[in-house]
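Trainee: I'd like to ask some things about the structure below.
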Ligand code: GLV
Ligand code: MN
Ligand code: MN
Ligand code: MN
């Protein structure tokens, strides 16, 4: 299966992946997924937001609310790695094959899901598909979200008709997501597979800096109101604040107007991605960065306003879902500083767990993201064991 996916959306220059939701490469993967499900005789269910689940139904009618779901996402960040998302989908299908090969017959529905726009790299809101599926984000709010070309979400996916909603998760009692690890935890522990204890609280905050455009040569340094300077000092302050507090702060995206070499900028928009080990620590971190941005704007004669675009609170996982899996008692338990659809489902009250597969480079959201075949197979074995217990 992996060989089918590897070329889709890969940039020849960097070797990284551009799989934007509802655009060609990601749609190719979505079609591939449906073919794989059809070939396995799974029953396909699509919701109005573009999320999909494919079900292996039990021979007898199931107890309501007992379905078990596993899966991940097929979209990527801009110039992302091969594994973030697709590894969880391919492993889910492989785990179904393992269970079939063992002659396992599920006692409750066992499904494989793909949620759309997990990364938020097109419409700005991470885990958009799962948020819409559980109702944490309303279609009324989401449909107007626009990508960088001005295309609205409501233009690329139909959304629900009057009185309609996603019923994809209605019968789901447990969700398990397998994911490539996005740091070095398992490398340091010398373990191929681990389980997640929690997801750190995290959020995206838009900083709008306003200043005064002027000539880069004839404007004296002391006469400038340069929003680029205020932004740069804010980025330094955020980095220092996060390092001192043991948290994370990143400005990974900015837009500058008019973006000319020989003019002081008039406006800078920058997005802060902040993550911390507790809700209080996240609030403190962001408040400190906002304060320092405002102080700096005062000194520079510029303005700054801060708009939270999405904030996700601390989420814990249900480690008991893994109980009885092969080797479950020795899997290391790690926190996740990355967000996942599993976090959205857990926050919505579904018993949820995650498995991580070792990433030798420890790099993620970049082309150097990696995983060894033997570790991926260990991940499939672990996932199959967990599903077998949950779905019997
Ligand atoms: C999603 O992968 C995130 O944590 O940014
Ligand atoms: Mn990701
Ligand atoms: Mn992911
Ligand atoms: Mn993610």
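The values are calculated or read from the model by the stated rules, or taken from the named source; none is laboratory data. Computed from a predicted model, the values in this text were never measured in an experiment. In this analysis, Cβ positions are derived from the backbone assuming ideal geometry, glycine residues included, and neighbour counts consider all displayed protein chains.
Trainee: Can you report the number of residues in region 40-99 which are surrounded by fewer than 16 Cβ atoms within 10 Å (Cβ to Cβ) and under 28 Å from residue 194 (Cα atoms)?
Mentor: Looking only at that region, the number is 2.
Trainee: Can you pull out the residues in region 11-31 that are over 20 Å from residue 113 (Cα atoms) and crowded, with 19+ Cβ neighbours inside 10 Å?
Mentor: 16, 17, 18
Trainee: Okay, next question. Being surrounded by fewer than 17 Cβ atoms within 10 Å (Cβ to Cβ) and within 16 Å of ligand 4 (Cβ to nearest atom) is the requirement here; does residue 311 meet it?
Mentor: On the way: surrounded by fewer than 17 Cβ atoms within 10 Å (Cβ to Cβ): yes; within 16 Å of ligand 4 (Cβ to nearest atom): yes.
Answer is yes for this residue.
Trainee: Just one of 185, 217 is within 16 Å of ligand 3 (Cβ to nearest atom) and out of contact with any helix residue (DSSP H, G or I) (no Cβ under 9 Å at 6 or more places or on another chain); which is it? Don't jump to the end; show me each part of the working.
Mentor: Numbers: 217 fails: within 16 Å of ligand 3 (Cβ to nearest atom).
That would be 185, the only listed residue that is within 16 Å of ligand 3 (Cβ to nearest atom) and out of contact with any helix residue (DSSP H, G or I) (no Cβ under 9 Å at 6 or more places or on another chain).
Trainee: Give the residues of region 194-213 that are within 19 Å of residue 322 (Cα to Cα) and either at pLDDT below 95 or crowded, with 24+ Cβ neighbours inside 10 Å (or both), sorted by residue number.
Mentor: First, the residues of region 194-213 that are within 19 Å of residue 322 (Cα to Cα): 194-199.
If the condition is that a residue be within 19 Å of residue 322 (Cα to Cα) and either at pLDDT below 95 or crowded, with 24+ Cβ neighbours inside 10 Å (or both), then 196, 199 are the ones that fit.
Trainee: Any idea how many residues of region 108-137 are in contact with a helix residue (DSSP H, G or I) (Cβ under 8 Å, 6 or more places away or on another chain), part of a loop (DSSP other than H, G, I, E, B) and within 22 Å of residue 205 (Cβ to Cβ)?
Mentor: So the count comes out to 8.
Trainee: Do the conditions hold for residue 342, that is, is it more than 16 Å from ligand 4 (Cβ to nearest atom) and not in a loop (DSSP other than H, G, I, E, B)?
Mentor: On the way: more than 16 Å from ligand 4 (Cβ to nearest atom): no; not in a loop (DSSP other than H, G, I, E, B): yes.
So residue 342 fails the test.
Trainee: While we're on this one: Can you tell me which residue is nearest to ligand 4 (Cβ to nearest atom) among those in region 105-125 that are closer than 16 Å to residue 41 by Cβ and touching a strand residue (DSSP E or B) at 6+ places or on another chain (Cβ under 9 Å)? Lay out the reasoning, then the answer.
Mentor: Our first condition is that a residue be closer than 16 Å to residue 41 by Cβ; within region 105-125, this holds for 105-106, 109-112.
The next check asks that each one be touching a strand residue (DSSP E or B) at 6+ places or on another chain (Cβ under 9 Å); those that pass are 106, 109-112.
Details: 106: 28, 109: 26, 110: 24, 111: 20, 112: 18 Å.
For region 105-125, the residue satisfying everything is 112.
Trainee: State the number of residues belonging to region 214-249 that are in a loop (DSSP other than H, G, I, E, B), touching a strand residue (DSSP E or B) at 6+ places or on another chain (Cβ under 6 Å) and crowded, with 17+ Cβ neighbours inside 10 Å.
Mentor: Result for region 214-249: 2.
Trainee: OK, next. Just to be sure I understand the filter: pairs with C-beta atoms under 6 Å, separated by 6 or more residues or on different chains, first member in region 180-208 and in contact (Cβ under 8 Å) with a residue 40 or more places away in the chain, second member in a helix (DSSP H, G or I) and within 16 Å of ligand 2 (Cβ to nearest atom). Which pairs pass?
Mentor: 180/87; 199/343
Trainee: What are the residues in region 356-371 that are at negative phi, surrounded by fewer than 19 Cβ atoms within 10 Å (Cβ to Cβ) and touching a residue at least 24 places away in the same chain (Cβ under 8 Å), if any?
Mentor: 360, 363, 366, 367, 368, 370
Trainee: Among the numbered criteria (1) away from ligand 3 (no atom under 16 Å from the Cβ); (2) within 30 Å of residue 170 (Cα to Cα); (3) crowded, with 17+ Cβ neighbours inside 10 Å, which one does residue 353 miss?
Mentor: Only one criterion is unmet by residue 353, namely (1).
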